[in-house]
Amino acid sequence: MQICMIEDDVRLAELVKQALEESRHVVAHLVDGEGAAGYISAHDFDIVLLDLMLPGISGLSVLKQLRHANCLTPVIVISARDTVPEMVRALDIGADDYLTKPFHLDILLARLRSVSRRGPVPQSAELNAGPISLHQEQRVVRLDGRRLELTRREYMLLETLMRRANHVLTRDQLAEAVWGFAAEVSTNNLEVHIHSLRAKLGASGGRLIHTVRGIGYVLRREHEPEGEAA
């Protein structure tokens with residue numbers, strides 16, 4: 001999953017980020033609420049982890065901004081505030097769940113799984129495009145029924161492209177989805193991985209994954225018009 005974590009406690013954030021990445025999630029970490037709502041709305045996150053006591057703009061204000069902007073991305077509030085009124089207020093504003101600090105990482109992972117199953121992003125266990133099928137739970141890709149051996153980054157690239165099929169994704173969006181927020185990924189590095197993925201997909205790679213010059217890439221299902229893609 002693509003997760004945005006807004007947490008000003010850097011040490012806690014690093015521990016949570018490491019645990020989530022070990023579970024094969026991609027995490028973007030923001031340290032305050034300034035501009036957070038706009039950033040979240042502009043990206044395709046599956047879930048937001050939101051601390052309430054942030055410097056400057058509070059977590060509740062960020063939550064209000066998201067819901068007023070009709071952003072339906074699921075939000076799990078993580079806070080040391082453990083009173084019933086605080087919990088009720090956050091849930092009434094639009095939080096999907098509330099987890100109090102300190103917490104066990106296994107509980108956080110379970111809450112993530114629970115919330116993601118009812119989130120606005122389709123949680124289909126299988127994605128399909130032409131002869132390619134991608135099983136998200138098993139993290140298995142098949143081409144014409146034959147299992148493909150992909151590297152971790154190749155798999156994440158394909159999953160991101162298939163989940164956003166027919167939408168052009170910029171190079172920065174793909175880099176963030178695969179390498180993580182603020183990672184320094186060269187254009188050449190991304191192109192090498194795209195080339196390798198296309199090669200493993202054979203003729204289907206060329207038919208389905210298109211380069212949009214000057215922007216990025218798009219996976220077009222074969223019945224869709226290609227537009228400006230090449």
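The values are calculated or read from the model by the stated rules, or taken from the named source; none is laboratory data. Source: prediction; values computed, not measured. Glycine also receives a Cβ, built like all others from the backbone with ideal geometry; neighbour counts cover every protein chain displayed.
Tabulated values for the structure
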{"quantity": "Selected residue [in contact with a Ser or Thr (Cβ under 6 Å, 6 or more places away or on another chain), touching a residue at least 12 places away in the same chain (Cβ under 8 Å) and surrounded by fewer than 17 Cβ atoms within 10 Å (Cβ to Cβ)] from Ala19, Ala80, Ala69", "calculated": "Ala69"}
{"quantity": "Subset of the stretch 90-107 [more than 19 Å from Asp44 (Cβ to Cβ) and touching a helix residue (DSSP H, G or I) at 6+ places or on another chain (Cβ under 7 Å)]", "calculated": "Ala90, Ile93, Ala95, Asp97, Tyr98, Leu99, Leu105"}
{"quantity": "When residues of the stretch 100-116 are limited to those that are basic (Lys, Arg) and closer than 19 Å to Ala80 by Cβ, the one surrounded by the most Cβ atoms within 10 Å (Cβ to Cβ)", "calculated": "Arg111"}
{"quantity": "Members of the stretch 162-178 found to be surrounded by fewer than 19 Cβ atoms within 10 Å (Cβ to Cβ), out of contact with any Lys or Arg (no Cβ under 8 Å at 6 or more places or on another chain) and under 21 Å from Gly130 (Cβ atoms), listed by number", "calculated": "Arg164, His167, Val168"}
{"quantity": "Glu159 at pLDDT below 85 and of a type outside the set (A, V, I, L, M)", "calculated": "no"}
{"quantity": "Residues of the stretch 198-209 satisfying the condition of being within 12 Å of Leu219 (Cα to Cα) and assigned to a helix (DSSP H, G or I)", "calculated": "Arg198, Ser204, Gly205, Gly206, Arg207, Leu208"}
{"quantity": "Candidates Glu226, Glu191 - the one that is surrounded by fewer than 20 Cβ atoms within 10 Å (Cβ to Cβ), modelled with pLDDT of 90 or more and either touching a Lys or Arg at 6+ places or on another chain (Cβ under 9 Å) or within 26 Å of Ile3 (Cα to Cα) (or both)", "calculated": "Glu191"}
{"quantity": "Residue in the stretch 47-55 that is touching a strand residue (DSSP E or B) at 6+ places or on another chain (Cβ under 7 Å), among the acidic types (Asp, Glu) and at pLDDT 85 or above present", "calculated": "yes"}
{"quantity": "Some residue of the stretch 127-139 being buried (at least 19 other Cβ atoms within 10 Å of the Cβ), small (Gly, Ala, Ser) and modelled with pLDDT of 85 or more", "calculated": "yes"}
